[in-house]
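Trainee: Could you have a look at this structure, given as structure tokens, before my questions?
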Amino acid sequence: MSKSFHTEKAAMRAAFDKAATSYDAAAVLQREVADRMFERLDYIKVNPLTVLDAGCGTGYCAPQLQTLYKDARLIELDLAPGMLQVARAKEGGGFKKLWASLRGQGAAYLCADIESLPLADESVDVIWSSLTLQWCNEPDAAFAEFTRVLKPGGLLMFSTLGPDTLKELRASFAAVDDKEHVNRFIDMHDLGDALVKNGLSTPVMDMEYLTMTYDSAKAIMQDLKDIGAHNVAEGRSRGMLGKAAWQKIVAEYETFRRDGLLPCTYEVVYGHAWKPLTQPARKNADGSQIIEFRPRPA
């Protein structure tokens with residue numbers, strides 16, 4: 001895979017650690033995507049004993065996951081310890097937390113990389129991962145780990161970002177030089193292929209564009225900073241941009257202004273798949289498997 005898709009894990013962890021306290025105020029898109037994932041989950045009936053929130057961030061999804069699956073043990077996992085500290089603080093303490101822990105319920109917190117999960121084989125019934133896979137160096141590694149830790153019949157449900165994400169920002173930087181200034185993201189069809197390749201069956205994928213609007217390019221940059229979404233690609237530019245370059249970038253971004261506002265586009269990819277019970281997934285005569293791509297429900 002191209003280095004432009006690879007991230008420096010240490011830099012990414014540091015960025016999200018630093019953003020942990022400012023994240024919730026800026027994470028409007030992240031909450032919207034999670035809510036839309038829950039809408040999709042309404043159509044899927046499962047009764048898990050263990051749920052992994054893979055890339056939990058500050059724990060926005062935890063209350064609803066615990067409400068949906070009252071008898072399940074929830075594992076909140078994230079690469080950034082700062083994010084986990086905020087998530088844990090939200091859960092609070094006292095008798096309620098102690099009673100849930102004694103019953104084997106409540107949330108457990110684990111600082112780890114989803115490309116190398118410190119969990120036993122076939123130990124999880126449901127994996128939920130909202131806007132995390134885009135930070136992986138190798139989605140194949142993450143999907144292989146998800147397959148390994150899922151129990152037979154287990155469900156993976158995820159969202160991630162596609163290649164048109166931040167397209168206005170990428171075009172604005174391209175007016176200055178040809179270096180990598182914006183993270184790049186993997187196409188939905190390639191992700192669907194990776195699911196099948198790594199042992200998950202009957203995948204369903206869909207995609208939609210969500211557009212945030214801002215008064216200025218500076219506000220866009222500040223929001224990205226506040227959620228920790230810095231450019232941490234290995235092939236990124238290391239030098240500082242001068243005042244003239246920034247002025248050119250801002251001027252280029254202004255060409256996208258509509259109705260008095262600047263757009264910031266996100267290509268959001270949703271998917272779910274299952275770990276087969278015992279038999280391998282059915283394939284076509286040539287060995288390939290059909291992946292269903294569907295539009296977002298009205």
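The values are calculated or read from the model by the stated rules, or taken from the named source; none is laboratory data. This structure is a prediction, so every number in the text was calculated from the model and none was measured. Reconstructed Cβ throughout: ideal geometry from the backbone, glycine too, with neighbour counts over all protein chains shown. Only protein heavy atoms, including side chains, enter the accessible area calculation; ligands, DNA and RNA are left aside. Shrake-Rupley method; radii C 1.70, N 1.55, O 1.52, S 1.80 Å.
Trainee: Residue 210 is checked against (1) at negative phi; (2) modelled with pLDDT under 95 and fails just one. What number does that condition carry?
Mentor: With respect to (1) at negative phi; (2) modelled with pLDDT under 95, residue 210 is out only on (2).
Trainee: Looking only at the stretch 207-220, count how many residues are touching a Gly at 6+ places or on another chain (Cβ under 8 Å) and open to solvent by less than 40 Å² (accessible area, probe 1.4 Å).
Mentor: Residues in the stretch 207-220 being touching a Gly at 6+ places or on another chain (Cβ under 8 Å) and open to solvent by less than 40 Å² (accessible area, probe 1.4 Å): 0 in total.
Trainee: Condition first: open to solvent by 40 Å² or more (accessible area, probe 1.4 Å) and assigned to a helix (DSSP H, G or I). Now tell me which residues in the stretch 37-50 satisfy that.
Mentor: 39 - this is the single residue of the stretch 37-50 that is open to solvent by 40 Å² or more (accessible area, probe 1.4 Å) and assigned to a helix (DSSP H, G or I).
Trainee: Something else now. Considering only residues that are within 16 Å of residue 202 (Cα to Cα) and open to solvent by less than 10 Å² (accessible area, probe 1.4 Å), which ones fall in the stretch 137-156?
Mentor: Residues satisfying the conditions are 143, 146, 150, 154, 155, 156.
Trainee: Considering the stretch 161-206 alone, what residues qualify as being open to solvent by 40 Å² or more (accessible area, probe 1.4 Å) and closer than 20 Å to residue 140 by Cβ?
Mentor: Correct list: 163, 184, 187, 189, 190, 193, 197, 202.
Trainee: Take the conditions modelled with pLDDT of 95 or more, crowded, with 16+ Cβ neighbours inside 10 Å and in a helix (DSSP H, G or I) and apply them to residue 13. Does it pass?
Mentor: no
Trainee: Might you let me know whether the stretch 213-233 holds any residue that is at pLDDT 90 or above, closer than 30 Å to residue 144 by Cα and acidic (Asp, Glu)?
Mentor: no
Trainee: Looking at the stretch 36-57, which of its residues are basic (Lys, Arg) and within 20 Å of residue 122 (Cα to Cα)?
Mentor: 45
Trainee: Now for a separate question. Scan 72, 54, 34 and give me the residue that is within 22 Å of residue 274 (Cβ to Cβ) and either of a type in the set (S, T, N, Q) or in contact with a Pro (Cβ under 6 Å, 6 or more places away or on another chain) (or both).
Mentor: On the way: 54 fails: either of a type in the set (S, T, N, Q) or in contact with a Pro (Cβ under 6 Å, 6 or more places away or on another chain) (or both); 34 fails: either of a type in the set (S, T, N, Q) or in contact with a Pro (Cβ under 6 Å, 6 or more places away or on another chain) (or both).
Answer to the selection: 72.
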